[in-house]
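The values are calculated or read from the model by the stated rules, or taken from the named source; none is laboratory data. Quick caveat: nothing in here was measured; it's all calculated off a predicted structure. All Cβ positions, even for glycine, are placed from backbone atoms using ideal geometry, and neighbour counts span all protein chains on display. Accessible surface is based on the protein model in full, side chains and every heavy atom, while ligands, DNA and RNA are left aside. Shrake-Rupley method; radii C 1.70, N 1.55, O 1.52, S 1.80 Å.
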Amino acid sequence: MVALQRMGPNLQLIEGDAQQLAGMIAFTCSLAENVSSKVRQLDLAKNRLYQAIQRADDILDLKFCMDGVQTALRGEDYEQAAAHIHRYLSLDKSVIELSRQGKEGGIIDANLKLLQESEQRLKAIVTEKFDTAMKQGDLPQVERFFKIFPLLGLHEEGLSKFSEYLCKQVAKKAEENLQLVMGTDMSDRRAAVIFADTLTLLFEGIARVVETHQPIVETYYGPGRLYTLIKHLQGECDQQVEKVVEKFVKERDYHRQFQQVQNSMMRSSAEKIEPRELDPILTEVTLMNARSELYLRFIKRRITADFEVGDSMAPEEVKQEHQKQLDKLLNNCLLSCTMQELIGYYITMEQYFMRETVNKAVAMDSYEKGQLTSSMVDDVFYIVKKCIGRALSSSSIDCLCAMINHSTTELESDFREVLYNKLKQGFPATTFQDFQRGVTSAVNIMHSSLQQGKFDTKGIESTDEAKQSFLVTLNNVEVCSENIMTLKKTLESDCAKLLSQGFGGEQAQAKIESCLSDMAAVSNKFRDLLQEGVSDLNNTAIKPQVKPWINLFLSISHSIEEEEFSEYEANDPWVQQFIVHLEQQMTEFKAGLSPVIYDNLTGLMTSLIATELEKVLLKSSFNRLGGLQFDKELRSLIAYLTTVTTWTIRDKFARLSQIATILNLERVTEILDYWGPNSGPLTWRLTPAEVRRVLGLRKDFRDEDIKRLRL
Amino acid sequence: MSMEDYDFLFKIVLIGNAGVGKTCLVRRFTQGLFPPGQGATIGVDFMIKTVEINGEKVKLQIWDTAGQERFRSITQSYYRSANALILTYDITCEESFRCLPEWLREIEQYASNKVITVLVGNKIDLADKREVSQQRAAEFSEAQDMYYLETSAKESDNVEKLFLDLACRLISEARQNTLVNNVSSPLPGEGKSISYLTCCNFN
């Protein structure tokens, strides 16, 4: 309380100070307000002054322009005159209005009228002079007046006139080139692609025109104008392309050939065109399209770059509008449409070429001794590669995808069918069955020959040939499956190259990938066919042989005494002979099949042996020594089979090995040393019931003991 | 393939005269857009949309083909691998309807015999300009044993239904095929209970 009272006077002092401070701030504030309003007034005055000066300058300029134009026109200095007009045109219109309201309004009006007249006169003169220069082909004069147009605000007209001049140049050159083509000797080195060459010259000519004149357009007309120039040029290009293509169609008989191809695709009876005759024209068309794509890509890049500079500050809508205009130009120009039409015909003809040539390769199929495959596989893939390669060389992604699709169809339906039918004839069985088959086929042949009234000698194939044919076909199927994957990989890298050069739209990659993955799926279909063929071979050629050999096991007693056991040791009763038989049988396949297929076949064979042997075992009876004998036999067999295949035999023979173990037991209860908690690393493949059954095969084991076992 | 994130993959190809609205149907379904002033399609366009039907991811590969004659040999090459074809006409354009038999001949010639074909009359938003009555189209589709639907890509009418019903249809077809071909060994990941009978109704 005391402290507070003591602070009383101090507070009064502070209040006084604060009031004084507030007064000072208010004063400073109004002072600043005063000063800044003066400055603002000053600023306004300064701006008005500048405007006044500007306006005075403009009026002076106007006067200067009026005088200047007259002088320049009189002196035929059109650049100077245009510069004056340009100055006049860029003046603020209100200045002109203002000056007319001045004291000397009347004079200025007159002068202004003069100026406008001069503008009109200059426009007329420039146009006329330009036309004359164009007629005379006087490039320096053409360029001289071309530069004047934009000064007069006539950008579009200037570009259009200049394009007209350039188009004439292009047309003249194109005319000459076409004349040259018509005079070309058919023996000329380039005769086969002369129309593609002509198009190339045309495109190169236009590209050169663009290259040469782009700088002058950019400099005098500003960026973003190239589109207009090229649009005009494209009109001329279209006309010239039309002429060249017309000649091409006529000279090469393109439409008639297409018609004929289409007829024979629809009806097999129609007169067929020799596919080889189509070869050159197909190459030429793809080349023509490749050139067009290259050219279109060139103008696309140029216009896009020019728009980018011109539209750098423009709003998004303008940019999109320009992009749309460009797309429209590229997509709708006659050049694009004409090429699309030619490529449309090309695809059908290429498809025909592929189909017919593949058929030919199949018909002329031949096989050389010592080879695993026959000629048609290499031939067919050579053809398919060639056709797709040609489609690829057109640089058209849609054309390429279409041919990939057609190739997929050709391989999957037609060619696979050929191989499938060959496999369906089967691998001829030997010996007795062979005889049977021979009889039936002879009867069949008799029947058919009676019906047809002639004897078909092709029907009688020697067994050896039929066998070989089957094995070769299996190899063919495998190679097909591999070739498709190789082809896919090659195409992938080829396409990547094409795409990296900027050909194709946004979805080009996805389209190609999808078509190629369809093609890859065909590889699996060939693999399935191979699997079917190999298991057919196993069933028809191996099983009927192996089964009797295994059945021989039944005739060998496995309830034997010491004496017989030694006898068996000296003269093996079964397994050695069995191995020899297998060895003999497989030699044929080893020589005739590719390593992969052979391995596949031996895999099936070992499974077969394991199953069949088990069946036979369960029909036999054993004693202790017999079990030992079987164990020896099984070991020999496994040892042999391990040498002929890369498959793991141990797994397939796991059940048999376990059976052998059981058959080798001293007493029934000994099984418990291997069973359940005592099995150690061994995984039993036999169920308890099966174990009992196998134990039962041992005639020296008592049934009660087996029944008593707890498994 | 098994690494990819879908249970089924189907190829759908749209065909029909130029200007009937194939591209707009595809755009509407895949991007939810109706681009006015759509230019003619060049060759073929390719879009992908993955949809979920009864908890299963179905990847639809949609090929939008050019209707113009000069692209015919390109578009024909896609028929054979197509699981479904959407044959489109414009209900305000008699000509596009009259061309249908020609398109059916093409399908007959090039497509697989297992292909599912849907007939679609597009542009029902332009009802006052209709030239092809619903009844005529329904009779035609019945005679040809095709599914039939009217759509508007602009108003987004029936577009979703078109593709989703088709997807359902394709799933049940695919299942039946696996059942017929591989009775003993279902495809990996297909051991789930089959409830396709209740999955959809197609009209």
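Could you rank A:H155, A:H84 by how accessible they are, 1.4 Å probe, largest area first?
Ranked list, largest accessible area first: A:H155, A:H84.
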On C-alpha positions alone, give me the angle between the axis of helix A:275-310 and the longest principal axis of chain A, in degrees, nearest 10. 40
To make sure I understand the rule: partners must be aspartates and glutamates, Cα under 14 Å from the Cα of A:K489, and not fewer than 8 residues away in the same chain. Which ones qualify? A:E513, A:D518
Chains B and A, summed buried accessible surface - 1.4 Å probe, Å², nearest 100: 1800
For A:E478, what accessible surface area do you get with a 1.4 Å probe? Give it in Å², rounded to 10. 10
Once all protein chains are kept in place, A:I299 shows an accessible area at probe 1.4 Å, nearest 10 Å², of 0
At a 1.4 Å probe, which residues in the stretch B:33-73 are at least 30 Å² less accessible with all protein chains present than in their chain isolated? B:I42, B:V44, B:F46, B:W63, B:R70, B:S73
If you take each beta carbon of peptide B:78-87 and count the beta carbons of other chains within 10 angstrom, what is the mean? 2
Output the 0 to 90 degree angle, nearest 10, between the alpha-carbon long axis of helix A:397-409 and the longest principal axis computed from the alpha carbons of chain A. 10
Which trypsin sites (Lys or Arg not before Pro) in the stretch A:672-711 sit in a loop by DSSP (not H, G, I, E or B) and have at most 15 other Cβ atoms within 10 Å of their own Cβ? A:R685, A:K699, A:R702, A:R710
Of the accessible area of the stretch B:6-174, computed with a 1.4 Å probe and all protein chains kept, carbon and sulfur make up a percent value of 43
Between helix A:575-592 and chain A: long-axis angle, C-alpha atoms, 0 to 90°, nearest 10: 30
Can you return the aspartates and glutamates within cross-link range of A:K467? Criterion is Cα-Cα under 14 Å, with same-chain partners fewer than 8 residues away left out. A:D434, A:D536, A:E588
What is the percent of Cα-Cα separations in the stretch B:6-174 that go past 30 Å? 9
Average accessible area per residue (Å²) across the protein assembly as shown - probe 1.4 Å, nucleic acids and ligands excluded: 52
Total charge dipole magnitude, the stretch A:603-711, about the Cα centre, Cβ charges on Lys, Arg, Asp, Glu only, Debye to nearest 20: 160
What number results when the radius of gyration of chain A, computed over Cα atoms, is divided by 2.2 N^0.38 Å? 1.80
Sorted by accessible area (1.4 Å probe), largest first, how do A:R650, A:R667 line up? A:R650, A:R667
With every protein chain in place, the accessible area of A:T219 for a 1.4 Å probe, in Å² rounded to the nearest 10, comes to 100
For the stretch A:341-369 versus the stretch B:74-127, the gap between their alpha-carbon centres in whole angstrom: 29
Positive-end extreme of charge dipole, the stretch B:6-174 - chosen from B:L164, B:F71, B:G121 (charges on Cβ): B:F71
Which of A:K511/B:K161; A:K129/A:K173; A:K547/A:K615; A:K172/A:K231; A:K615/A:K707 have a Cα-Cα distance over 21 Å? A:K511/B:K161; A:K129/A:K173; A:K615/A:K707
Relative to the isolated chain, which residues of the stretch A:323-349 have their accessible area cut by 40 Å² or more in the presence of all protein chains (1.4 Å probe, heavy atoms, no ligands or nucleic acids)? A:Q340
How large, in percent, is the carbon and sulfur part of the accessible surface of chain A at a probe radius of 1.4 Å? 54
What do you reckon, how do A:Y598, A:Y220 stack up by accessible area (1.4 Å probe), largest on top? A:Y220, A:Y598
